[in-house]
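What follows draws every value from the coordinates through simple rules; no lab data is involved. As the structure is a prediction and not an experimental result, all values here were calculated from the model. No Cβ is skipped: glycine too gets one built from the backbone with ideal geometry, and neighbour counts run over all protein chains shown.
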Amino acid sequence: MKNYLLTFPRFSDGFRQMPSLPALEYPWIGACLVFVSCILLFLTSVFPNQLFFLIWICPFLIFLGILIFSKKPHAFAGVKNGDYTLVVAYAVASLVCGFFWEMFNFYSLARWRYAIPYVQVLHLFEMPVLGYAGYLPFGLECGLIIGLVLNTRQNRP
C-alpha cells in the first residue's frame, strides 16, 4: 500500500520540504524518547482511562528511540532534513489497511468489539471513528520494523 501511495505526486513530492528535525540524529534524544515513553507507559497502568491512547504511541517512540540511540539507520531518517514522505506514506497506508481490517472484522462470525473510553460514539463498523487514529502510529511502527529487517538482511554475510 505504501508503494502504491508513493506513485501519487502528492505523496512522493508533497512532504519533502517540511520543517526539519535535526535533533533526531543525537543519541541522547533517543535515550530521552525511551525513558519518557517508558514512564508514560507505566502511568498508563495507573490512569488507564485517561492515558489509554499512549498504548498506541509509546511503542513507536520507544522503538524509534532505540534506533536513534544505537545510531542504526531507520525509515524516518529523512525527517532530520524535512522529508516526511515515508512518515506520511506509512501512516496513511496503515489507515487504509485498518479500514479494511475493520470491515472484515465487522462481517466475520468471530468479531471483536472495542471499548475505548470517552469515544463510544460514531462507529464505523465496530470501531469508533476516533479509534482509527491508532492505526497511524501502528503504521509508523511497521515502517521502522520493515526498515530494520531489510537492513539486517542486507548486512548479513
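Any residue at all in the range 92-115 that's over 18 Å from residue 30 (Cα atoms), in contact with a strand residue (DSSP E or B) (Cβ under 7 Å, 6 or more places away or on another chain), touching a residue at least 12 places away in the same chain (Cβ under 8 Å) and crowded, with 16+ Cβ neighbours inside 10 Å?
The answer is yes; a qualifying residue exists.
So which residues in the range 117-141 are over 21 Å from residue 91 (Cα atoms) and among the β-branched types (Val, Ile, Thr)?
Residues satisfying the conditions are 119, 121.
Residues of the range 64-78 being more than 21 Å from residue 1 (Cα to Cα) and crowded, with 17+ Cβ neighbours inside 10 Å, which ones?
64, 65, 66, 67, 68, 69
If a residue has to be without any contact (Cβ under 8 Å) to a residue 60 or more places away in the chain and either more than 21 Å from residue 36 (Cα to Cα) or among the basic types (Lys, Arg) (or both) to count, how many in the range 60-76 make the cut?
Qualifying residue count, the range 60-76: 1.
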